[in-house]
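Single-structure report; data block below.
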Amino acid sequence: MILTTGGAGFIGSNFVLDWCALNGEPVINLDKLTYAGNLENLASLRDNPKHVFVHGDIGDIELVRRLLQEYQPRAVVNFAAESHVDRSIHGPGEFIQTNIVGTFHLLEAVREYWGALPDDRKAAFRFLHVSTDEVYGSLGKDDPAFRETNRYEPNSPYSASKAASDHLVRAYHHTYGLPVLTTNCSNNYGPYHFPEKLIPLCIHNALAGKPLPIYGDGQQIRDWLYVKDHCSAIRRVLEAGQLGEVYNVGGWNEKANLDVVRTLCAILDELSPRADGQSYATQITFVTDRPGHDRRYAIDATRLERELGWKPAETFETGIRKTVQWYLDNQEWVQNVTSGSYRAWVGQQYGA
Ligand code: NAD
Ligand code: DAU
């Protein structure tokens, strides 16, 4: 079996759902259930004996030790993190705690467990660390896309904490021989995306008749990948990645934020038109920019395609349509996650 961490969040839950659908191999899913973790994402697995959910923290070394001993996984896939850049600007503490200290405790527990395995299982074991393109910093308009050899230049407390965790993972390979793999992926979108992030926030606000907040001039560029494609890349790297290596994951879909939001509005105009016949685009509102906002991210995923034969299945056009349709079909999920503490966050970030 495998152990995932953070498998009740956006990408982790998509990974666990796909894993259980495609694979006979059981998964132990350790998640702290922060505001971003949601067991409703995994509701379809409630009666599936192949999925075991454990409520806990990756930083709780005794708990992780116990889980490793009890379940004897052949791999650990680490999704657990604080993931929202804006929250890291308001309060970096939790990001340092989970992304750096938590990853360190997890690595320590895994190193101990792996070190005591018999040789054949030791050789087959993998620790896959899920990371981000943000560790490479910001690109100029004409710069080539990020390659695995780009230097680390993280600019936000979030990306700095992810960069630190990547370095720890790398060091555990070089120093102790731990069989690690790291993936650095671009912006994901798709089902179960928490509506604090640009795409689900704008779909939610559009349908609620609220402003669609665009930071600064809206010309910042992100490279969008449908979440299921990220999950297939992780499965492929887990299966065939070279030990100690890093793989960039991306969909070759660079878009300016304003264009992304206009596309969402056009799809919503078609699938769920406003009662007054106006376009949702009239709700677009320019707001104060994010401090230290990275201008452009772009991923060069050539290595993953050339060495491991991975390619995304979705284009931005097909993926974004599926995503909008998913949110329209799952309004109850949205209502549940936007009650409670979500409101306090929106008040703090966007004011009245
Ligand atoms: P998310 O915020 O939606 O989910 C994070 C999950 O981790 C939640 O379920 C949360 O409860 C859990 N968690 C947080 N702290 C924990 C702890 N101390 N112990 C155990 N569980 C904990 O994040 P996401 O968007 O699904 O991102 C998952 C991973 O992928 C992160 O490592 C992130 O850095 C990385 N990543 C995200 C994107 C993206 O576009 N969302 C892109 C590239 C990489
Ligand atoms: O690049 C990968 C990263 O993508 C992941 O590592 C992060 O976990 C994930 O959150 C995401 O980071 P971003 O900061 O790029 O995502 P976010 O959805 O917050 O913002 C996308 C872009 O939209 C960014 O340029 C900021 C802008 N934005 C965001 C929000 C929430 C707005 O213009 N308005 C908003 O209200």
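For the residue pairs LYS32/LYS162; LYS50/LYS122; LYS255/LYS311; LYS32/LYS197; LYS50/LYS311, the C-alpha atoms sit more than 25 angstrom apart in LYS50/LYS311.
Phi angles of the stretch 307-321 translate, via the Karplus equation with coefficients 6.51, -1.76, 1.60 and θ = phi - 60°, into HN-Hα couplings of 8, 10, x, 8, 9, x, 8, 9, 8, 4, 5, 6, x, 6, 5 Hz per residue; Gly and Pro are given as x.
For the pair the stretch 325-352 and the stretch 33-64, the centres of their Cα atoms are 21 angstrom apart. Computed on the chain, with alpha-carbon pairs under 8 angstrom and 6+ residues apart, the relative contact order is 17 percent.
Over the chain, DSSP H runs of length four or greater, each weighted -39,500 (n - 2.57), average out per residue to a 222 nm ellipticity of -12500 deg cm²/dmol. Modelled this way, with points 7 Å down the Cα-to-C-beta line, the labels at ASP120 and LEU39 are 3.8 nm from one another.
If R0 is 22 Å, what FRET efficiency do you get for SER279 and THR315 from their C-beta distance, rounded to 0.05? List each step's numbers first, then the result.
Details: r = 23 Å, r/R0 = 1.06.
Result of the calculation: an efficiency of 0.40.
Distances between placed amide hydrogens fall under 5 Å for LEU212 paired with ILE284, THR285, all partners being 5 or more residues away or on another chain.
Using C-alpha pairs under 8 Å with a sequence gap of at least 6, the mean separation divided by the residue count of the stretch 25-123 gives a relative contact order of 30 percent.
Take the chain and mark each of the trypsin sites (Lys or Arg not before Pro) that is in a DSSP loop with at most 16 other Cβ atoms within 10 Å; the longest unmarked stretch, sites excluded, is 152-273. Extension gain for LEU22-PHE286 works out to 90.8 nm (0.36 nm per residue, less the C-alpha to C-alpha distance). Coupling constants for the stretch 329-339 follow from the phi torsions by the Karplus curve (6.51 cos²θ - 1.76 cosθ + 1.60, θ = phi - 60°), and in residue order they are 7, 10, 4, 5, 4, 4, 4, 5, 7, 9, 8 Hz; glycine and proline get x. Search the structure for amide H atoms under 5 Å from the amide H of ASP289, placed 1.01 Å from N in the peptide plane, and list their residues when 5 or more places away or on another chain. Amide H to amide H, under 5 Å and 5 or more residues apart or across chains, ASP289 pairs with GLY216. Averaged over its residues, the chain has an accessible area of 42 Å² per residue, based on protein heavy atoms and a 1.4 Å probe.
Toward the positive end of the charge dipole of the chain, with +1 on the Cβ of Lys and Arg and -1 on the Cβ of Asp and Glu, the farthest Cα among TYR342, THR182, HIS230 is that of THR182. Distant-in-sequence amide contacts of VAL76, defined by a placed amide H-H separation under 5 Å and a gap of 5 or more residues or a different chain, comprise LEU3, ARG126, PHE127, LEU128.
Approximating the spin labels as points 7 Å out from Cα along Cα→Cβ, the ASP329-to-GLN242 distance works out to 4.1 nm.
I'd like the carbon and sulfur percentage of the solvent accessible area for the stretch 255-308, probe radius 1.4 Å, heavy atoms only, ligands and nucleic acids excluded. C and S fraction of accessible area: 49 percent. One decimal place: the segment TYR176-LYS141 gains 8.6 nm when fully extended, by the rule 0.36 nm per residue minus the C-alpha distance.
Scalar couplings 3J(HN,Hα) for the stretch 129-136, obtained by applying the Karplus form with A = 6.51, B = -1.76, C = 1.60 to θ = phi - 60°, are 9, 8, 10, 10, 6, 5, 5, 7 Hz; x denotes Gly and Pro.
The values are calculated or read from the model by the stated rules, or taken from the named source; none is laboratory data. Because the structure is a prediction, the values reported are computed rather than measured. A quick note on method: Cβ atoms are made from the backbone with ideal geometry, for glycine too, and the neighbour counts reach across all protein chains shown. Side chains included, ligands, DNA and RNA excluded: accessible areas come from the protein's heavy atoms. Shrake-Rupley method; radii C 1.70, N 1.55, O 1.52, S 1.80 Å.
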